[in-house]
Every structure is written in structure tokens, then in C-alpha cells.
Amino acid sequence: MVSTALINGSLGFIMLITLLYKMGDIQDVLAPASGFSFLPAVNHATGSAAATNAVAAIILVMEVCSAIGILATVSRQTFAFARDDALPFSKQLAHVNRRTQIPICSVLVSTIITVLLSLINIGSTAAFNAVASVMIAALFTTYILPIAAVIRVRFQPGGIPPSRFSLGIFGLPVNVFSLAWLCFAIIFTFFPTANHPTLVDMNWSILVFGAVVIFAIALYIVHGRRVYRAPVTQVRKVE
């Protein structure tokens with residue numbers, strides 16, 4: 001996992017520097033006629049409409065493959081939460097088809113919700129952008145919570161149990177720095193992208209993020225705390 005991050009990060013940095021040097025006029029990139037900034041940049045770098053279309057096709061195929069992978073991940077996370085009684089209608093969502101060995105209900109629910117969220121763009125671009133922009137804040141939150149939990153466990157009796165991979169004495173400083181940086185960075189994900197924003201330009205992700213957090217807390221208080229079974233409680237140490 002570490003080597004994958006290093007290799008992909010290095011190659012991505014090289015691609016970024018190359019694109020920045022060859023993208024041409026910044027105004028053409030910021031206000032593209034097609035709505036996609038990478039197209040005029042690629043067109044300026046290659047000087048060929050055919051090459052630009054080919055690159056766009058490759059990116060489109062990669063986006064589709066990525067979307068399928070993300071949808072599969074979401075459906076299995078939905079199944080995992082339902083298996084632990086963490087969601088409404090957990091029994092149905094956790095059901096695994098005997099023939100296909102797939103949680104079909106979780107896959108269908110995840111797909112339907114994704115399609116419905118995509119349709120928001122037809123009615124309101126501002127609403128869709130608010131839902132899309134909350135992704136970064138949600139991602140940072142998924143890092144903040146486990147890192148904070150790890151720091152807490154470090155100061156409890158027994159600490160963290162031995163593992164295959166450990167940072168040793170650098171573990172706690174790295175955890176603290178990561179938590180501090182994420183708490184600082186997440187604030188800027190809620191800032192608008194323009195000065196004196198209008199209702200359309202305003203970053204409404206804080207509203208969507210807050211609504212999801214309030215819903216999750218209410219769901220836990222009303223339902224989850226009585227039935228939720230954390231996976232760690234089902235694990236016993238074998239000597």
C-alpha cells in the first residue's frame with residue numbers, strides 16, 4: 001500500500017508539472033467552451049484535435065471504471081453496516097443472494113441513490129455542486145475520526161496491540177500532526193470559491209455536511225445505540 005501511494009504520487013506529480021507547463025493560456029483553461037478545463041490544455045499540448053479526443057476518451061473510460069469500483073465499494077460498505085445493524089432496514093440490506101453471493105439489495109439501493117443524486121443537476125446546479133463538494137469534507141472526516149480514535153487508544157492501558165506495520169516512536173507524532181492538519185484543512189473545504197458569492201456561487205457543502213452529521217447522530221440515538229454491534233466486539237483473542 002505504501003509503495004502504491006509513492007509510485008502513483010510520483011507519477012501524478014510529473015503529469016501535473018507537465019500539464020501546467022504545456023496547458024497554454026490560463027484564461028482558456030479556466031473558461032473552456034466545453035466546460036472541461038483539461039480539453040483546451042491537452043489540445044494546446046498536442047496540437048491535434050484527434051489526440052485530444054483520444055485522451056478524452058481514455059479519461060472517460062477510466063472515469064467509468066472508477067465509478068463502477070466506487071459503487072461496488074459503497075454497496076459493500078452498506079452491506080457491512082447493515083450486517084452490524086447500523087442502518088434502517090438492516091435485515092434486507094444485509095441479505096446475500098445464495099446463488100450470486102452478492103448483497104443485491106445493497107447494490108440496488110446504492111445505485112438508485114447515486115442516480116437520484118445525479119439527477120439533482122437537472123433541477124439545480126447549485127444543489128448538485130453542494131452535494132458533490134461535500135465529498136472532500138466527508139473524506140477528511142473519515143480520516144479524522146479513526147486517527148483521533150488511535151491517539152485515544154495510545155493513552156489507554158495496554159495501548160495499541162502489536163501489528164505487522166508500525167511507525168514505532170514516530171507513530172504518535174505522525175498521528176498528532178495528521179489530525180491537526182486535517183482539522184485545519186477541512187475548514188477550507190466549506191469556503192466559497194468566489195468573492196461576494198451569490199446563491200449559485202455559494203458553497204452549500206457545509207449545509208449538506210451538517211444535515212448528514214445531524215441525521216447520523218439522531219439515527220444513532222434513536223436506533224443505533226440499542227442494536228449496533230461493532231465488529232471489534234465480535235472478535236476474540238486466540239492464544
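The values are calculated or read from the model by the stated rules, or taken from the named source; none is laboratory data. From a predicted model like this one, the values you see are computed outputs, not experimental measurements. Because the Cβ atoms are built from the backbone with ideal geometry, glycine has one as well, and the counts that use them run over all protein chains shown. Only protein heavy atoms, including side chains, enter the accessible area calculation; ligands, DNA and RNA are left aside. Shrake-Rupley method; radii C 1.70, N 1.55, O 1.52, S 1.80 Å.
When only alpha carbons are used to place a centre, region 160-239 and region 50-85 end up 22 Å from one another.
Pick out which of Ala72, Ala51, Ala130 has the largest mean-square fluctuation in a Gaussian network model of the chain, springs linking Cα atoms closer than 10 Å. Of Ala72, Ala51, Ala130, the Gaussian network model singles out Ala51 as fluctuating most.
For a quick check of your reading of the filter: which chymotrypsin sites (Phe, Trp or Tyr not before Pro) in region 130-239 sit in a DSSP loop and have no more than 10 other Cβ atoms within 10 Å?
Sparse-neighbourhood loop chymotrypsin sites (Phe, Trp or Tyr not before Pro): Phe155, Phe165.
Under the combined filter of DSSP loop state and at most 16 neighbouring Cβ atoms within 10 Å, region 137-170 retains these trypsin sites (Lys or Arg not before Pro): Arg164.
Here region 117-239 is treated with +1 on each Lys and Arg Cβ and -1 on each Asp and Glu Cβ, and its dipole about the Cα centre works out to around 660 debye.
Helices meeting the span-like rule in the chain (full DSSP H runs, Cα extent of at least 20 Å along the helix axis, mean Kyte-Doolittle score of 0.0 or higher): 2-22, 49-83, 104-123, 125-154, 171-188, 205-219.
Projecting the Cα positions of Thr46, Thr100, Phe79 onto the charge dipole of region 44-108 (unit charges on Cβ atoms of Lys, Arg, Asp and Glu, taken about the Cα centre) puts Thr100 furthest along the positive direction.
So for region 11-168, considering every pair of alpha-carbon atoms, how many percent are separated by more than 19 Å?
Every Cα pair in region 11-168 considered, those over 19 Å come to 74 percent.
Between Ala56 and Arg229, the contour length at 0.36 nm per residue exceeds the Cα-Cα span by 57.7 nm.
Let me check I've understood the local charge: for Gly69, count other residues with C-beta under 12 angstrom from its C-beta, Lys and Arg +1, Asp and Glu -1. What total comes out? Combined, the nearby Lys, Arg, Asp and Glu give 0. How high is the relative contact order of the chain, in percent, counting Cα pairs under 8 Å that sit 6 or more residues apart? Relative contact order for the chain comes out at 15 percent. Placing +1 on the Cβ of every Lys and Arg and -1 on the Cβ of every Asp and Glu, with nothing else charged, gives the chain a dipole about its Cα centre of roughly 1260 debye. Normalised by 2.2 N^0.38 Å, where N counts its residues, the alpha-carbon radius of gyration of region 37-126 equals 1.55. Net charge dipole, region 11-89: roughly 140 debye, given to the nearest 20, about the Cα centre with Cβ charges of +1 for Lys and Arg and -1 for Asp and Glu.
Just the protein heavy atoms count here, and of the accessible area of the chain at 1.4 Å, carbon and sulfur take up 72 percent.
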